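Asks: Have a look at this one.
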Amino acid sequence: MNKTNHHIYKAEQVDWEKLESVGISKLQIEKDGNMDLLLQGKETNVMSIKIKTPVFSLTMDATLSLIEDGNGNPVISVNGINPSGE
């Protein structure tokens, strides 16, 4: 059975190594069942992410989506969820 996922991006286009370095895991996205949504250009379901850099660490609930940078390459957009609804 041939299933079409209507992906507009390919997983190999995403720089997973750089995302892993700030705490966004390809494995977590796959495990949570969000990879198809992401590659279809849609927003993922709400997920808990921990972004870490040399100067800060941030844990939050967010959705992720892919947008194109100035060169047409897909990059992750993090959309934080405001618990107060504001």
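Asks: Filter the range 19-44 down to residues that are charged (D, E, K, R) and under 12 Å from the mean Cα position of the chain (by Cα) and give me whichever is farthest from Ile67 (Cα to Cα). Show your work before the answer.
Replies: If we filter the range 19-44 for residues that are charged (D, E, K, R), which is where we start, we get 20, 26, 30-32, 36, 42-43.
With under 12 Å from the mean Cα position of the chain (by Cα) added as a condition, the list becomes 20, 26, 30, 32, 36, 42-43.
Working: Glu20: 18, Lys26: 16, Glu30: 18, Asp32: 20, Asp36: 15, Lys42: 10, Glu43: 10 Å.
Here the answer is Asp32.
Asks: In the list Leu38, Leu64, Leu19, which residue meets the criterion of being open to solvent by less than 60 Å² (accessible area, probe 1.4 Å) and free of Cβ contacts under 8 Å to residues at least 40 places away in the same chain? Let's see the steps before the verdict.
Replies: Values: Leu64 fails: free of Cβ contacts under 8 Å to residues at least 40 places away in the same chain; Leu19 fails: free of Cβ contacts under 8 Å to residues at least 40 places away in the same chain.
Answer to the check: Leu38.
Asks: From the list Glu30, Glu43, exactly one residue is open to solvent by 50 Å² or more (accessible area, probe 1.4 Å), assigned to a loop (DSSP other than H, G, I, E, B) and among the acidic types (Asp, Glu). Which is it?
Replies: Numbers: Glu30 fails: assigned to a loop (DSSP other than H, G, I, E, B).
Of the residues listed, the single one that is open to solvent by 50 Å² or more (accessible area, probe 1.4 Å), assigned to a loop (DSSP other than H, G, I, E, B) and among the acidic types (Asp, Glu) is Glu43.
Asks: Looking only at residues that are without any contact (Cβ under 8 Å) to a residue 24 or more places away in the chain and in contact with a Leu (Cβ under 8 Å, 6 or more places away or on another chain) in the range 43-57, which one is nearest to Pro83 (Cα to Cα)?
Replies: Restricting to residues being without any contact (Cβ under 8 Å) to a residue 24 or more places away in the chain and in contact with a Leu (Cβ under 8 Å, 6 or more places away or on another chain), the top hit is Met47.
Asks: Hey, Thr59 hits all of (1) modelled with pLDDT of 95 or more; (2) open to solvent by 70 Å² or more (accessible area, probe 1.4 Å) but one; which does it fall short on?
Replies: In the conditions (1) modelled with pLDDT of 95 or more; (2) open to solvent by 70 Å² or more (accessible area, probe 1.4 Å), Thr59 misses (1) alone.
Asks: Which residues, taken from the range 15-27, are out of contact with any strand residue (DSSP E or B) (no Cβ under 7 Å at 6 or more places or on another chain) and assigned to a helix (DSSP H, G or I)?
Replies: Step one: list which residues in the range 15-27 are out of contact with any strand residue (DSSP E or B) (no Cβ under 7 Å at 6 or more places or on another chain), which gives 15-18, 20-21, 25-27.
Passing the criteria: Trp16, Glu17, Lys18, Glu20, Ser21, Lys26, Leu27.
Asks: Moving on. If Glu12 meets every condition in (1) in a helix (DSSP H, G or I); (2) touching a residue at least 24 places away in the same chain (Cβ under 8 Å) apart from one, which number is that one?
Replies: Going through (1) in a helix (DSSP H, G or I); (2) touching a residue at least 24 places away in the same chain (Cβ under 8 Å) one by one, Glu12 breaks only (2).
Asks: Being farther than 14 Å from Ser77 by Cα and touching a helix residue (DSSP H, G or I) at 6+ places or on another chain (Cβ under 8 Å) is the filter here, so list the residues in the range 36-58 that pass it.
Replies: If the condition is that a residue be farther than 14 Å from Ser77 by Cα and touching a helix residue (DSSP H, G or I) at 6+ places or on another chain (Cβ under 8 Å), then Lys52, Thr53 are the ones that fit.
Asks: In addition: Anything in the range 46-86 that is farther than 21 Å from Leu27 by Cα, of a type outside the set (D, E, K, R) and part of a strand (DSSP E or B)? List them, or say none.
Replies: None; the set is empty.
The values are calculated or read from the model by the stated rules, or taken from the named source; none is laboratory data. Since this is a predicted model, take the numbers as computed values, not measurements. Don't worry about glycine lacking a Cβ; one is built from the backbone with ideal geometry, like all the others, and counts go over all protein chains shown. Heavy atoms of the whole protein, side chains included, go into the accessibility calculation; ligands, DNA and RNA do not. Shrake-Rupley method; radii C 1.70, N 1.55, O 1.52, S 1.80 Å.
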